[in-house]
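The values are calculated or read from the model by the stated rules, or taken from the named source; none is laboratory data. Here the structure is a predicted model, which means the values were calculated and not measured. Accessible surface areas use protein heavy atoms only, side chains included; no ligands, DNA or RNA. Shrake-Rupley method; radii C 1.70, N 1.55, O 1.52, S 1.80 Å.
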Amino acid sequence: MPRKGAFPHIPSATSWDEEGPGHEIPYLVVRQALGKSGPVRIRGLALTRVGDTVVVRPVNPRGHRLQQFIEVPRQPAVLGQLARVLAEWAQEAEEEEVRLRRRMQALGERHEGPALPEYG
């Protein structure tokens with residue numbers, strides 16, 4: 001019997017609900033996520049259409065999709081807003097990377113002293 005005020009159990013999507021192979025977005029670096037038994041290593045995200053939602057699941061280093069997921073309604077307004085926010089964040093991340101590369105290059109040039117004479 002469910003507790004008073006508890007959210008109803010919603011079963012996760014099964015493979016027969018999936019409408020297509022979906023897309024996988026790999027990370028260049030293995031990240032950590034929290035699972036029931038502690039940290040879980042993930043290497044990317046799997047995006048799949050399931051009915052009227054888009055399901056986002058983490059993928060482990062062996063290529064298996066993990067149980068944890070979020071569902072995003074497959075509505076133009078919601079997906080469009082999500083796409084705009086992600087595009088804005090991608091632009092910000094690109095600008096930050098350019099600034100970081102410039103700083104690293106400037107530090108490298110500053111630490112390079114005059115060339116030592118060759119003895120031979």
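Annotation: of all residues in region 68-84 being within 17 Å of I25 (Cα to Cα) and either assigned to a loop (DSSP other than H, G, I, E, B) or among the hydrophobic types (A, V, I, L, M, F, W, C) (or both), the one that is most open to solvent (accessible area, probe 1.4 Å) is I70. Could you go through region 49-60 and let me know if any residue there is open to solvent by 100 Å² or more (accessible area, probe 1.4 Å) and assigned to a strand (DSSP E or B). Yes; the residues of region 49-60 include at least one that is open to solvent by 100 Å² or more (accessible area, probe 1.4 Å) and assigned to a strand (DSSP E or B). The residues listed here are Q67, Q32; of these, the one that is modelled with pLDDT under 90 and either under 18 Å from P21 (Cα atoms) or of a type in the set (V, I, T) (or both) is Q67.
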